[in-house]
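The values are calculated or read from the model by the stated rules, or taken from the named source; none is laboratory data. Only a predicted model underlies this, so the values are computations on that prediction, with no experimental measurement involved. Here the Cβ positions follow ideal geometry from the backbone for every residue, glycine too, while neighbour counts run over all protein chains shown. Only protein heavy atoms, including side chains, enter the accessible area calculation; ligands, DNA and RNA are left aside. Shrake-Rupley method; radii C 1.70, N 1.55, O 1.52, S 1.80 Å.
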Amino acid sequence: MKERAVNIGVLTWATLVETVRRKDLYVVWMLALFGLAGGNFLASAGVRGVETFLRDVTLTVVNFLSIAICIWLAARQIPEELSRRTLFPLLARPVRRFDVLLGKFLAVWLLSCGALLVLGGIAWVGLLKHGAAIGPIYWQYLFLRMLSFGPIAAMTMSLSLVLSAPATVVLSGLLTLCGSAFAKSLYGAVREASPVAHWPLKLLYFLLPHLDLFDLSRRTQFNYDPVAGWVLGALTLYAAVYVLVFLGLGELRFRRMPV
């Protein structure tokens, strides 16, 4: 058990170092800085009294960029290892394939959280300068967004074992960004379904991951009071369950790959 923990830690650290060396995250942070500069321009032009609008735009940008980072990092991990043929000597050692997935997943999750904190810090400074600062609900928003990276990264890594990296990015993006709309449509179908189809559709509705549960953008936009602590705890367990499910499915596919 100790040896497995060491292997996972080494894999996670190696992936972190390799990704930082590529400087991919710097591009996203520069885009966020340009967004902050645009907000400063609006402020200097005399656009005031639109705090809610500024929060809405800022949170939308943070959501989109942070999710894009998470999906992009997760989609390229295993395919790049295969294309560079660096996965073969790794698996020749006494390292389990699930440990490889878990190490890569932890690195992606940590990098995504780090990128989110930088983006969130830039957004906080921008809102503060415009007189649209947000209360404690903002930190809960960031925490739940970090939790959402778990299922998103695990799902994307599992898909990358079946699809090409570009296809994985597109499909994961659609499932992540459009999943809420699909869930609402499915819920409507459950209510209108016949008795025969009602329970299968209802089961499907509850089995699908509802990533919209991790989105506090609307409450944060209007600077509501923080949510109860037990809600955060329940969502932490919810995210952990889907991480294990997606990584388990990925490991089943990874085990059958001829590498």
>> Students sometimes get this wrong: rank 236, 60 by accessible area, probe 1.4 Å, all chains present, largest first.
In response: 60, 236
> Fully extended, how many nm does the chain gain between residue 185 and residue 56 (0.36 nm per residue separation, minus their Cα-Cα distance)?
Replying inline: 44.0 nm
>> What distance in nm separates the two pseudo spin-label positions at residue 203 and residue 6, each 7 Å out from Cα along the beta-carbon direction?
In response: 4.6 nm
